[in-house]
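Have a look at the structure below, then the notes.
The values are calculated or read from the model by the stated rules, or taken from the named source; none is laboratory data. Predicted, not measured: the structure shown is a model, and the values here were computed from it. All Cβ positions, glycine included, derive from the backbone under ideal geometry; neighbour counts span all protein chains shown. Note: accessible area is taken over every heavy atom of the protein model, side chains too, but ligands, DNA and RNA are not part of it. Shrake-Rupley method; radii C 1.70, N 1.55, O 1.52, S 1.80 Å.
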Amino acid sequence: MTNQEINAALAALQEAIFILEDEYEQNGGEVTESTIAQEEYISHLQALLQGEGIDSLGRWLKSKEDLIKTLKAERDSVNRQIKKTEDGIEFIKGQIYNVMTALGLEKVKGTFYSFAPSISRKTEVDKEILKEKYLAVAEEAIRSVLPEWVTFTLGASVKAIPADYEEGLPEEFKVTETPSCKFTKPRAKKEE
């Protein structure tokens, strides 16, 4: 059964029940050939919905759940491919840096690309230090105003450190330096 057929059967069932109740009210609750036929029709609709209707909906539900699993697996696969490609890009940039520094080159301009060696700096929060220093304090402060079932996580942003911060970068942050290169693609000529 399609969903449209199920909805039609549900509507027919409600109508048949209404007609049966109305007939019983009008004839004082007497069982007649008409009420027996209507009860059989109602039983038929109920059996149809319970059998074919539920089975159809079950198959439809299963197909949607399977589709979600497939899409999630595809998403995970694509994310892994993206990560692998990003790692490949970083590796290539590191190799360009190695070649250029080994040759003592500060800039290389080719037919299609130009390169200049550089150091990539990545600043990340050291979550263990952050947790050791601030979790107990945060937990105590938050629990005084929020119930136990509300959760929270600690985070920090290097961008939020004031520009005039005199002590340098706090120990909660770590900087990773990686050999890389600046990569410039060719530009189209400007039209006069």
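Annotation note: of Arg59, Arg121, the sole residue that is assigned to a helix (DSSP H, G or I) and open to solvent by 100 Å² or more (accessible area, probe 1.4 Å) is Arg59. The residues of region 47-93 that are closer than 30 Å to Ala116 by Cβ and basic (Lys, Arg), listed by number, are Lys83, Lys84, Lys93.
Please find, within region 100-116, the residue that is nearest to Glu177 (Cα to Cα) out of those that are more than 38 Å from the chain's Cα centre (by Cα), open to solvent by less than 80 Å² (accessible area, probe 1.4 Å) and of a type outside the set (Ser, Thr, Tyr). Even if it seems obvious, please write down each step before you answer.
To start, the set of residues in region 100-116 that are more than 38 Å from the chain's Cα centre (by Cα) comprises 100-111.
Now drop any that are not open to solvent by less than 80 Å² (accessible area, probe 1.4 Å), which leaves 100-101, 104-105, 108, 110.
Applying the additional criterion that residues be of a type outside the set (Ser, Thr, Tyr) yields 100, 104-105, 108, 110.
Details: Met100: 17, Gly104: 20, Leu105: 20, Val108: 22, Gly110: 26 Å.
The extreme case among them is Met100.
Scanning region 81-94 for residues that are touching a strand residue (DSSP E or B) at 6+ places or on another chain (Cβ under 9 Å), open to solvent by 50 Å² or more (accessible area, probe 1.4 Å) and farther than 11 Å from Phe183 by Cβ yields a single hit, Glu90.
Kindly indicate whether Leu20 is open to solvent by 70 Å² or more (accessible area, probe 1.4 Å) and either more than 20 Å from Leu57 (Cα to Cα) or part of a helix (DSSP H, G or I) (or both). Answer is no for this residue.
Of all residues being in a loop (DSSP other than H, G, I, E, B) and touching a helix residue (DSSP H, G or I) at 6+ places or on another chain (Cβ under 7 Å) in region 148-188, which is farthest from Gly110 (Cα to Cα)? Just the residue, please. Break it down into steps so the answer makes sense when it comes.
Within region 148-188, the first condition is being in a loop (DSSP other than H, G, I, E, B), and the residues that meet it are 148-157, 161-172, 185-188.
Imposing the further condition that a residue be touching a helix residue (DSSP H, G or I) at 6+ places or on another chain (Cβ under 7 Å) reduces the set to 152, 154, 156, 171-172.
Working: Phe152: 51, Leu154: 47, Ala156: 41, Glu171: 42, Glu172: 42 Å.
Checked region 148-188; the qualifying residue farthest from Gly110 (Cα to Cα) is Phe152.
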